[in-house]
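The values are calculated or read from the model by the stated rules, or taken from the named source; none is laboratory data. The model shown is predicted, which means the values in this text are computed figures rather than measured ones. All Cβ positions, glycine included, derive from the backbone under ideal geometry; neighbour counts span all protein chains shown. Accessible surface is based on the protein model in full, side chains and every heavy atom, while ligands, DNA and RNA are left aside. Shrake-Rupley method; radii C 1.70, N 1.55, O 1.52, S 1.80 Å.
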Amino acid sequence: MTATIEPSQAELLPSVRNFLSGTKRFLVGGQWVESASGETFETIDPATGQVLTTVARGGAEDVDRAVRAARTAFDEGPWATMKPNERERLIWRVGDILSERAEEFGQLEALDNGKSAGIAAAVDVAWSADIFRYFAGWATKIEGSTVNVSMPFVPGGQFHAYTLREPVGVCGLIVPWNFPLLMAAFKLAPALAAGNTVILKPAEQTPLTAILLGEVFEEAGFPPGVVNIVTGYGDAGAALSAHDDVDKIAFTGSTEVGKKIVDAARGNLKKVSLELGGKSANVVFADADFDAAVTGSLNAWLFNHGQCCVAGTRMFVEDSIFDDFTAAVADAAGQVKIGPGLDPTTQLGPLVSQEQFDKVTGYLAAGLADGARALTGGKRWGDTGFYVEPTVFVDVKPEFSIVEEEIFGPVVAALPFNAEEGVAKAANSSIYGLAAGIWTKDLSKAHLTARQLKAGSVWINQYNGFDTAMPFGGYKQSGWGRELGATAIDLYTQTKAVNIAL
């Protein structure tokens, strides 16, 4: 692994430096407020372990205030009567502002999460802007339909029947720390396009871009109470999930917490959508383009430092090329440049927190103790910040924790397979089913394997093949529902059937 020099925060934009000064408040009913308790918490730079700034810590009382503001905006405010094309213009404006302030958001994301500022601006912020523009267009295209009913038990009757697609109401949106801005966009854009009001609860590890996004909604001209943002810990998320005046919860995070969300939502049977964990299979056949598959397979588990729910961390390689392929992936991983996100040459940044660092290094130790062999990596990198070496494990067995469990770090376990015996059974032997990759030049093999894999997204001769128009979600314990694309509108609307006797 190549070392890099710690850049100075003197390189920050003046707007970012100014943003970090003072305690950050959150947005409720169009006002920036302190928490009801007066409590705050610190957000940490994972590259240095140093405090970036302090943030208001919201609790149940703050969530209740935000829910009341969202309810008023939905039931009584101008949002309820605003024409679809007016909502369209406001949501589109959010996308434009994000594009205009991409460098600012990128730097803030790098400081709070650890990822590369350049990649954050070019991927996270740019894609977030695209999501807002895409769903802005949906605001004017949410339609019902007429139904030719028979009503056989009313002889001779004449009827006019139709359906309406209406917003669900007040939506609680709980997003994770790995893609703080992007995951917020995944939920905010379709929820607002459908006419809902929202309370956004960012992860406590990465609250800063959510707060800055609140300023963007103000600048775009959203009415007070339509978008509310409450920063805090799990107790705030639990209060939001259990609140009886919240009509829907959308959550992205771990499967463990997703199950708690479902339990909390039972009180008023609120609608729930979940995008949860993964342990995705990346399948490399012997006839694949070797170099392309090496590069793509490396990206499959190293993108975003491995802190990615779709990461291809179970790499199944056909036995005839297994040794050569895994050696090539390990060699490429060993050349990755590690450093802080503010360094434009950084390819692999730190993990998000001390907690995540401890979790990942614990898995490294467990893998080695179980008998796995690290072709590269296997330990901490450096002595400052939350850095871990990219690690390629071989000599693994399916029952090893590094094969079964979601690590959420730059770690991959490689397993050989025999083409005649097939790979689908082994690839599907997981409680998760979020994504999968396939590398082959054989078109029939690609299609047949894609059908066999139990995953919500299957990428062929590529990995992380996302697009805003493509639905995204998981099978099995990887979640409920589909985000992005037209299907995301279904998560935030409900159908009303109207039948008129003529």
May I ask you to list pairs of residues, at least six apart or on different chains, whose Cβ atoms are under 6 Å apart, with the first in the range 476-494 being closer than 14 Å to Gly195 by Cβ and the second being among the small types (Gly, Ala, Ser) and surrounded by fewer than 20 Cβ atoms within 10 Å (Cβ to Cβ)?
Leu491/Gly481
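Over 28 Å from Leu98 (Cα atoms) and modelled with pLDDT of 95 or more, is that true of Ala136? Before the answer, list the steps.
Working: over 28 Å from Leu98 (Cα atoms): no; modelled with pLDDT of 95 or more: yes.
No.
Being closer than 15 Å to Leu375 by Cβ, of a type in the set (A, V, I, L, M, F, W, C) and touching a Gly at 6+ places or on another chain (Cβ under 7 Å) is the filter here, so list the residues in the range 393-441 that pass it. Before you say what the answer is, go through the steps one by one.
First, the residues of the range 393-441 that are closer than 15 Å to Leu375 by Cβ: 393-396, 402, 410-416.
With of a type in the set (A, V, I, L, M, F, W, C) added as a condition, the list becomes 393-394, 396, 402, 411-415.
The answer is Phe393, Ile402, Val411.
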Keeping to the range 55-72, report how many residues are open to solvent by less than 40 Å² (accessible area, probe 1.4 Å) and either outside any helix (DSSP H, G or I) or touching a helix residue (DSSP H, G or I) at 6+ places or on another chain (Cβ under 9 Å) (or both).
8
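Would you check which residues across the range 237-263 are surrounded by fewer than 16 Cβ atoms within 10 Å (Cβ to Cβ) and either without any contact (Cβ under 8 Å) to a residue 12 or more places away in the chain or closer than 16 Å to Leu434 by Cα (or both) and list them? I'd like the intermediate steps shown before the answer.
To start, the set of residues in the range 237-263 that are surrounded by fewer than 16 Cβ atoms within 10 Å (Cβ to Cβ) comprises 244-245, 254, 256, 259, 262-263.
Hits for the range 237-263 are Ser254, Glu256, Lys259, Asp263.
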Number of positions in the range 465-497 that are open to solvent by 30 Å² or more (accessible area, probe 1.4 Å), within 16 Å of Ile131 (Cβ to Cβ) and assigned to a loop (DSSP other than H, G, I, E, B)
7
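When residues of the range 331-343 are filtered for being in contact (Cβ under 8 Å) with a residue 40 or more places away in the chain and either of a type in the set (Gly, Ala, Ser) or in a strand (DSSP E or B) (or both), how many remain?
Looking only at the range 331-343, we keep the residues that are in contact (Cβ under 8 Å) with a residue 40 or more places away in the chain, and these are 331, 333-343.
Filter once more, keeping what is either of a type in the set (Gly, Ala, Ser) or in a strand (DSSP E or B) (or both): 333-334, 337-339, 341.
Matching residues across the range 331-343 total 6.
So, in the range 97-119, how many residues would count as being surrounded by 15 or more Cβ atoms within 10 Å (Cβ to Cβ) and over 21 Å from Pro340 (Cβ atoms)?
Initial filter on the range 97-119 (surrounded by 15 or more Cβ atoms within 10 Å (Cβ to Cβ)): 97-99, 101-119.
Within this subset, residues satisfying the condition of being over 21 Å from Pro340 (Cβ atoms) are 97-99, 101.
Final tally of qualifying residues: 4.
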Test Leu375 against the stated conditions and say whether it is at pLDDT 95 or above and either among the polar types (S, T, N, Q) or touching a Pro at 6+ places or on another chain (Cβ under 8 Å) (or both).
no
Out of (1) within 17 Å of the chain's Cα centre (by Cα); (2) not in a helix (DSSP H, G or I), the one Gly258 does not meet is (2)
Answer with yes or no whether Leu90 is surrounded by fewer than 24 Cβ atoms within 10 Å (Cβ to Cβ) and not charged (D, E, K, R).
yes
If you take the residues in the range 9-41 that are free of Cβ contacts under 8 Å to residues at least 60 places away in the same chain and among the polar types (S, T, N, Q), which one is surrounded by the fewest Cβ atoms within 10 Å (Cβ to Cβ)?
Ser21
Picked from the range 418-450 (must be in contact with a Phe, Trp or Tyr (Cβ under 9 Å, 6 or more places away or on another chain) and of a type in the set (D, E, K, R)), the residue nearest to Gly479 (Cα to Cα) is Lys445
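For the range 344-430, please list each of the strands (runs of 3 or more DSSP E) lying entirely inside it that holds at least 1 residues being farther than 30 Å from Glu11 by Cβ and open to solvent by 30 Å² or more (accessible area, probe 1.4 Å).
On the way: elements: 373-376, 391-394, 411-417.
In the range 344-430, the matching strands (runs of 3 or more DSSP E) lie at 373-376, 411-417.
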Of the conditions (1) closer than 18 Å to Ile119 by Cα; (2) surrounded by fewer than 23 Cβ atoms within 10 Å (Cβ to Cβ), Ser320 clears all except one; give me its number.
(1)
Out of curiosity, is Leu502 free of Cβ contacts under 8 Å to residues at least 40 places away in the same chain, over 30 Å from Val198 (Cα atoms) and not aromatic (Phe, Trp, Tyr)?
no
Filter pass, Thr391 being touching a Pro at 6+ places or on another chain (Cβ under 9 Å), polar (S, T, N, Q) and at pLDDT below 95
no
Could you pull out the residue among Ala328, Ala293, Ala286 that is within 28 Å of Ser478 (Cα to Cα) and either at pLDDT 95 or above or not aromatic (Phe, Trp, Tyr) (or both)?
Ala293
Here's a check for you: in the range 126-150, which residue that is assigned to a loop (DSSP other than H, G, I, E, B) and without any contact (Cβ under 8 Å) to a residue 24 or more places away in the chain is most open to solvent (accessible area, probe 1.4 Å)?
Asn148
Residue count, the range 40-85, condition over 24 Å from Ala193 (Cα atoms) and in contact with a Pro (Cβ under 7 Å, 6 or more places away or on another chain), comes to 4
What are the residues in the range 167-205 that are more than 21 Å from Arg133 (Cα to Cα) and either surrounded by fewer than 22 Cβ atoms within 10 Å (Cβ to Cβ) or of a type outside the set (A, V, I, L, M) (or both), if any?
Val168, Gly169, Gly172, Pro176, Trp177, Asn178, Lys201, Pro202, Glu204, Gln205
